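Data first, discussion second: the structure below is written as structure tokens.
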Amino acid sequence: MALSDWWRRVRPARDAWELTPEEEAEQEIETHLELRVAELVRAGMTPEAAGREAIRRFGDLPAARESLRRSARRRVTTRRQRARVDALLADLRLAGRQIRRSPRFTLVAIATLAIGIGATTATFTLVRSVILRPLPFPRPDRLVGLESLDSNATAIPVVSSANWLDWQRGSRTLESTALHMGRRMAVTLGDEPVRVDGELVTSDYFRVLQADFVTGRSFTAEEVRERAPVAVVSEGFWRRMPHGVGDGLPAITVDARSYQVVGVVRQAQAFPAEAQVFLPVHVVPESGALRNSINWYAIGRLAPGVTPAQARAELDGIARGIRAGSPEAWYSWGVPVRPLKDVVVGDTAGYLVILMGAVVLVLLVACANLAAAHLARGLGRSRDTAVRAALGADRGRLVQQVLVEHGLLGLIGGGLGILLAWGGLRGVLHLWGERIPRSGEVTLDLGIMAFAVVLSVGAGLVTGLAPAFQASRPRLAGLISAGGRGTVRGGRGLPGGGLIAAEVALALVLLTGAGLLIRSLQHLLSRDLGFDTSVLTVSATLADQRYRTDPARRVAYWDQVSRELAALPGVTGSGVATWVPMKLAGTSLVELENGVSAPDGFGYRAVSEGYLRAIGVPLLEGREFASTDLADGPRVVLINRAAARVGWPGQSPVGQRFRATGFERGPAGEPAPWLTIVGVVGDLRQWGPYIDPRPEMYVLFRQVPAYTTAMTAVARTATPPAGLIPAARERLRAIDPAVALEFGTFDGALDRLLAPQRLPVSLLSGFGVFALLLTALGLYGLLAYSVSLRQRELALRAALGARRGQLVRTAALGGLRLVAIGALVGLVGAAGASRFLAAMLFDITPFDPLTYALVTGILAAVALLAILPPVLRGTRLDPARALNAE
């Protein structure tokens with residue numbers, strides 16, 4: 001059959017297939033009319049009459065035409081959709097075959113995507129749960145935290161009860177407000193007392209939160225006013241109680257007192273989240289210097305239609321009135337009003353946002369790495385692409401096939417990434433959960449799953465964009481005649497080179513951020529704390545009636561605890577104190593006999609003989625407390641060097657006197673007693689490495705028995721202190737098994753204190769190392785492929801007399817150029833991005849030159865290690881054999 005005859009036969013069918021819906025409708029109408037006319041003509045009618053009659057019998061021609069057009073459009077749409085689905089299924093089958101044909105590459109691609117998507121999903125889960133999700137209370141946007149403001153315009157998160165009472169009475173912008181204060185409480189559960197987190201709260205506390213109760217109710221104003229022994233517990237605590245869930249609301253023993261549980265607050269609405277027992281407290285008005293006793297947290301609910309700014313303006317006016325009546329009120333220069341969610345999240349929001357940005361960079365590095373690898377593979381598969389194009393595949397089908405393959409890889413990697421995210425979150429919460437606010441609300445829910453799926457498909461498609469563009473421009477004749485081999489001329493035009501340079505830049509940004517945080521943490525750890533951290537701590541509250549009414553019994557108990565700890569093997573010193581380093585403590589107003597002003601007061605701590613020596617604080621001048629310092633003898637005090645500089649600059653403070661007016665009162669309203677300084681000790685960073693030493697005073701605990709109810713015993717050890725806990729527990733329980741003991745170490749407290757620094761350091765360092773490894777792998781694969789494509793060129797150079805060193809330089813030049821370009825771009829990007837870390841850095845700037853130099857050196861070394869092996873292997877060739885192979 002001649003070609004023209006074949007074309008005439010298939011063309012009508014082709015034309016029918018390509019008819020538009022309108023043409024198809026017209027053709028069907030015309031065919032119907034032609035058949036009817038032919039039938040009428042055979043019946044004896046003339047053609048003209050038959051035509052008119054056919055149209056008459058047909059009926060409403062315009063309506064029929066429109067109906068046929070709609071039907072044709074539906075058929076065409078269905079046909080096209082079916083064709084698209086068939087094409088998509090065909091591309092999926094082809095993608096599956098392509099994936100199976102390259103198992104090693106597939107595994108690397110899936111693992112890379114899984115790690116990137118898993119890290120991104122886990123970090124986004126933290127950001128969503130901690131920052132984006134509203135607090136679990138009705139109308140959470142109306143909840144605010146109230147703070148104090150000093151004369152330096154520094155916001156302080158705690159307030160005085162006296163100031164708060166004035167705010168409560170004078171405010172119209174607050175619908176309700178309340179105070180709360182955290183405290184460790186000894187609760188008897190079963191046979192052994194335990195210490196739990198509790199809160200002292202004012203009467204409107206749960207009204208402010210509008211918390212939901214599983215059973216029971218909140219406190220009444222009358223119960224609070226009359227100091228009734230009632231309590232509210234969290235749902236989690238209630239379910240752990242040995243009484244059982246179905247036994248109603250029992251009484252519990254807290255600090256040796258019996259309280260009737262009147263309500264169980266829903267676990268999600270227990271605030272703060274760690275609080276398990278809530279006890280009511282009644283605050284009374286105070287004035288004068290007592291307004292400077294700031295140890296309460298204040299919350300409020302805004303009245304309808306009121307903004308935080310309006311509430312602050314009103315409360316600032318009340319604060320001015322307080323200061324006018326009490327000029328000595330240090331912390332009444334204003335009342336900052338912040339959304340309660342911001343108060344809860346605190347500084348965590350900053351580093352979580354930074355980690356989210358870092359993990360997005362990691363995912364971009366992973367996508368760039370895979371895109372570059374696929375570009376290189378695309379050159380090897382160019383013959384297949386050319387054949388498909390020659391057989392009629394248009395540009396859209398070629399692009400679709402590449403994107404389908406990458407989308408499938410993304411989905412598989414995303415599925416594994418979700419599993420990695422689940423495991424990673426469990427690890428993060430296990431290590432740092434106590435230091436991450438709202439960590440109990442962190443869950444991988446359906447919303448996060450949907451995010452991960454979309455992210456997976458998006459990451460897969462992003463990795464396929466460059467290969468898809470490459471596949472959409474096949475040069476058929478050249479590719480088929482070349483047998484599918486690509487070319488790289490003189491080291492230029494490396495496949496995916498721009499993406500590798502981008503990887504280098506992004507990796508440098510991540511490594512610089514990690515390096516700055518690591519250097520900052522090193523500076524923090526190198527700060528002299530002023531005390532040893534290899535110390536065991538034992539905290540307890542002597543609230544039983546036997547101790548409450550007998551101060552001498554309390555002092556005797558702590559003396560015995562100190563002796564028992566000193567008798568443990570490996571203990572080199574022991575003592576007791578009201579507040580130990582790295583925990584909250586009180587600051588007392590002071591009145592110096594020499595008339596010098598100390599407006600910020602001195603830190604106040606009651607300690608035993610030997611306490612400061614036990615934690616490694618040196619004596620600088622004078623003497624320590626001695627056994628001759630009796631409970632009813634002359635009052636003595638030790639101060640630190642910072643207090644000596646403030647109160648007695650340029651002279652010895654030993655023998656000088658002052659009063660602790662904020663913490664001590666004389667009998668029957670008399671002034672506080674004079675304290676005689678007997679020694680000066682070294683400075684301590686009582687709040688850890690973040691805060692410089694402040695003026696401190698240490699009074700002898702047996703001379704202030706009022707402060708001996710809740711204390712902490714310490715024991716410095718020559719061995720790891722945690723190993724002594726079982727022996728210490730056995731000895732101390734023998735003293736009084738009814739006392740709830742809580743064991744810890746200074747090392748553990750320091751670790752918890754540094755957790756906000758260590759979390760971003762650990763995660764950002766991991767992200768940076770992963771990005772660096774991906775970049776190295778990308779460079780290695782790129783240079784290996786480049787050298788393989790340049791075998792003929794290198795062989796010719798060798799045959800013409802080029803030495804091996806020259807060949808190595810020639811082959812490595814392209815990779816080195818990419819590294820240099822990427823490093824320059826990365827340094828600029830790192831300088832811009834590092835500014836966001838400024839608030840998290842200590843003793844270094846965001847532009848620390850040593851960090852930039854170290855990071856650049858590490859990146860250069862790793863890049864060389866990635867470039868040299870494939871280059872050296874590729875230039876170790878026999879010119880004759882290489883040319884014969886060509």
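Please give the net charge around PRO140, taking every other residue with its beta carbon less than 11 angstrom from that of PRO140, where Lys and Arg add +1 and Asp and Glu add -1.
Values: positive: ARG133, ARG139, ARG142, ARG301, LYS341; negative: ASP141.
Net charge in that neighbourhood comes out at +4.
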Computed from the beta carbon distance with a Förster radius of 22 Å, FRET efficiency for ASP550 and LEU630 to the nearest 0.05 stands at 0.80
For GLN656, which sequence-distant residues (separation of 5 or more, or a different chain) have an amide H within less than 5 Å of its own amide H, given hydrogens modelled in the peptide plane?
ILE677
Segment 149-278: antiparallel DSSP beta bridges as a percent of all, rounded to 5:
75 percent
Roughly how far apart, in whole Å, are the Cα centres of segment 698-746 and segment 419-442?
32 Å
With every protein chain left in place and a probe of 1.4 Å, what is the accessible surface of ILE318, to the nearest 10 Å²?
30 Å²
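Which chymotrypsin sites (Phe, Trp or Tyr not before Pro) from segment 118-178 combine a DSSP loop assignment with at most 13 other Cβ atoms within 10 Å?
Within segment 118-178, no chymotrypsin sites (Phe, Trp or Tyr not before Pro) qualify (loop, at most 13 other Cβ atoms within 10 Å).
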Under 5 Å, built H, 5+ apart or other chain: amide partners of GLY622:
VAL680
Give me the percent of the accessible area of segment 529-592 that comes from carbon and sulfur atoms, probe 1.4 Å, all protein chains in place.
51 percent
Amide H neighbours of LEU135 at under 5 Å, excluding residues fewer than 5 places away on the same chain, with H built from the backbone geometry, are none
Heavy atoms of the protein only, probe of 1.4 Å, neighbouring chains included. What is the accessible area of HIS430 in Å², nearest 10?
150 Å²
Using the Karplus equation 6.51 cos²θ - 1.76 cosθ + 1.60 (θ = phi - 60°), what ³J(HN,Hα) coupling, rounded to whole Hz, does each residue of segment 337-344 give in order, writing x for Gly and Pro?
10, 10, x, 4, 4, 5, 5, 5
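Specify whether the C-alpha gyration tensor of segment 519-568 places it in the rounded, prolate or oblate class, a ≥ b ≥ c being the square roots of the eigenvalues: rounded for a/c under 1.5, otherwise prolate if a/b is larger than b/c and oblate if not.
Values: a/c = 4.35, a/b = 2.56, b/c = 1.70.
Here segment 519-568 falls in the prolate category.
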In order through segment 136-148: 3J(HN,Hα) via Karplus (6.51 cos²θ - 1.76 cosθ + 1.60), integer Hz, x for Gly, Pro:
x, 10, x, 6, x, 5, 8, 7, 9, x, 9, 10, 9
Calc'd 3J(HN,Hα), segment 697-710, phi into Karplus 6.51 cos²θ - 1.76 cosθ + 1.60 (θ = phi - 60°), Hz, glycine/Pro = x, comes to 10, 10, 9, 6, 4, 6, 8, 10, x, 5, 9, 9, 6, 10
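The values are calculated or read from the model by the stated rules, or taken from the named source; none is laboratory data. This one's a predicted model, so the numbers in the text were calculated from it and none came from an experiment. Heads up, the Cβs are rebuilt from the backbone with ideal geometry, glycines too, and the neighbour counts pull from every protein chain shown. We work out accessible area using only protein heavy atoms, side chains counted, and drop any ligands, DNA or RNA first. Shrake-Rupley method; radii C 1.70, N 1.55, O 1.52, S 1.80 Å.
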